[in-house]
1. Please give the length that would be gained between K12 and D94 if that part of the chain were fully extended, namely 0.36 nm times their separation in residues minus their C-alpha to C-alpha distance (nm, one decimal).
2. Normalised radius of gyration for segment 227-300, please: alpha carbon Rg relative to 2.2 N^0.38 Å, two decimal places.
3. May I ask you to compute the full-extension gain from N410 to N184, defined as 0.36 nm times their residue separation minus their alpha-carbon distance, rounded to one decimal in nm?
4. Quickly estimate the mean residue ellipticity at 222 nm for the chain, helices only: each DSSP H run with n ≥ 4 gives -39500 (n - 2.57), and the total goes over all residues, rounded to 500.
5. Calculate the dipole size of segment 342-397 relative to its Cα centre from +1 charges on Lys and Arg beta carbons and -1 charges on Asp and Glu beta carbons; express the result in debye to the nearest 20.
6. Please sort 69-76, 218-225 by packing, taking for each peptide the average over its residues of neighbouring beta carbons within 10 angstrom, highest first.
7. Answer with one residue from T117, Q303, F322: the one whose Cα lies farthest towards the positive end of the charge dipole of segment 24-322, charges on Cβ with Lys, Arg +1 and Asp, Glu -1.
8. State to the nearest 20 debye the size of the charge dipole of segment 365-447 about its Cα centre, where the only charges are +1 on K and R beta carbons and -1 on D and E beta carbons.
Amino acid sequence: MSLTIDHATIKKFDIVGPRYTSYPTAPQWSADFNEKNYIAKLKSFAKTDKSLSLYIHIPFCQSMCTYCGCNVIIRPQKDKYGDEYVDYLCREIDLLTQHIGMDRVIKQFHWGGGTPTYLNTDQITTLFDKVKQSFTIADDAEIAIEIDPRTIDFPKVDLLKKLGFNRISMGVQDFDQEVQKEINRMQSFELVKEFYDYCRKLDFDSVNFDLIYGLPEQTQESFHATVERVVALKPDRIALYSFAYVPWLKKHQKKIDVDHLPSVDDKLDIFIQSREKLLAEGYAAIAMDHFALKEDEMARAFQANKLYRNFMGYTVKPADEFIGIGLTSIGFLENSFIQNTKFINDYYKAIDEGRLPVERGLQLSEDDIIRQWVISSLMCHFEVDKNAFFERFAVPFNEYFEDERKHLENCVKNNLIEENNDIIKVCDLGKLFVRNICMGFDIYLRNKKTEQRYSKTI
Ligand SMILES: C[S@@+](CC[C@H](N)C(=O)[O-])C[C@H]1O[C@@H](n2cnc3c(N)ncnc32)[C@H](O)[C@@H]1O
Ligand code: SF4
């Protein structure tokens, strides 16, 4: 039976906090970690036989959706922008392979943005071929791309299939025309259906839709209609994101008229109603904002507590290490986070000078590694095995986390977890609000330095 949730429960647990796609979270990374540190990490990685997850960021979009919280650069669809950027990406790959060699195995390969399908077919082919020449893509690798239905055509989808992409994620957001006007994103149901059907015909392993609730002009009725149309198509996975309204970080969100946003209560109702509809239609809820058809491997991995998590969210195909290529991309190598610069001129300049375009990073301390292990175990497996913790770190869990005792007792009292001497098990309610449990293990939050930078879950 699925969990029933109501306003009071959500209000109680829906606090401002990080999403833990990384620990320590990005505000803790600094420019003290530089290219020299990154090269040292690459060289030490080169001596291992660890596998890789590779992420490539394509920042360009043709127009700005007013809600957007991603790292984007708006450019008209002209070949010269993509040509130039792809050339620099290829040169960044050359700089990397100088240190790690040309034969690293990629288990997970993800193109994100911005809009990867902003690139034309020649650019996509050039970039894919460059990766194939420089790395070994595993036969069973998960190869995913984010597509904006407004920027594709059939030959582009044919090409993605031919190259070996097996997972498609489509930006849908909302089908309502009034909402679409407000968010500057006109995209008809017919357009989405046309490309969705085509992806099905080409037999991609999985198709995901991104939806956002809490957008301007949205009502329970209007979003219900959107969800009805979505479930009629039956994508394998659905990301149901809460609109992150952060105008202090994303200035273009100021274009949104706050009076047109649904009230907090309406937003909650939209979420609850959509969640119930998706559950009733055969989707399993995976943590807060992800849904997958019960037969999908992500839903099965969730049931078996065998999910993994990285910057891209949950995955069933974990690799040992993570390298990011392109503007703002993030990597995790040999216990260090690495992030590339967010300014395109700095990015091009670094590569022209033969430098890796690192902007900031963090070498994890022993305490960071311990807490990262616990948070990752909570987020992905929904449990912490205290004996496994002892085997890994040679210190008893209860002793190391003496200061967290009160937090754990609170979590037990609120039905978020069950705990005994061997194990912490996350309850169904805790799976929904797992980040609340994690926040108690986040030493940086305790110093309250970073709290105001985050948005709420809902
Ligand atoms: C890089 S975009 C997907 C690809 C493509 N750019 C598109 O929009 O179709 C990633 C997803 O992030 C989500 N997103 C963007 N801004 C958001 C925000 N402020 N709050 C919640 N979700 C957001 C959207 O659902 C979007 O589809
Ligand atoms: S939502 Fe997608 S298409 Fe819209 S601006 Fe953001 S990245 Fe670009």
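Every number in this text was worked out from the coordinates using simple rules, so none of it is lab data. Since the model is a prediction, treat every value here as computed from it, not as a measurement. All Cβ positions, even for glycine, are placed from backbone atoms using ideal geometry, and neighbour counts span all protein chains on display.
1. Values: separation 82, 0.36 × 82 = 29.52 nm, distance 5.02 nm.
Full extension from K12 to D94 adds 24.5 nm.
2. Values: Rg = 14.8 Å, N = 74, 2.2 N^0.38 = 11.3 Å.
Cα Rg divided by the expected 2.2 N^0.38 Å: 1.31.
3. Working: separation 226, 0.36 × 226 = 81.36 nm, distance 4.39 nm.
Here the segment from N410 to N184 would lengthen by 77.0 nm.
4. On the way: 18 runs with 183 residues, N = 458.
The helix contribution divided over the chain gives -12000 deg cm²/dmol.
5. Working: 7 positive and 10 negative charges, 20 e Å.
With Lys and Arg at +1 and Asp and Glu at -1, about 100 debye.
6. Details: 69-76: 15.6, 218-225: 17.6.
My ranking of the peptides, most packed first, is 218-225, 69-76.
7. Projecting each Cα onto the dipole axis, the largest value belongs to F322.
8. Numbers: 10 positive and 16 negative charges, 64 e Å.
Using only the charged Cβ atoms, the result is roughly 300 debye.
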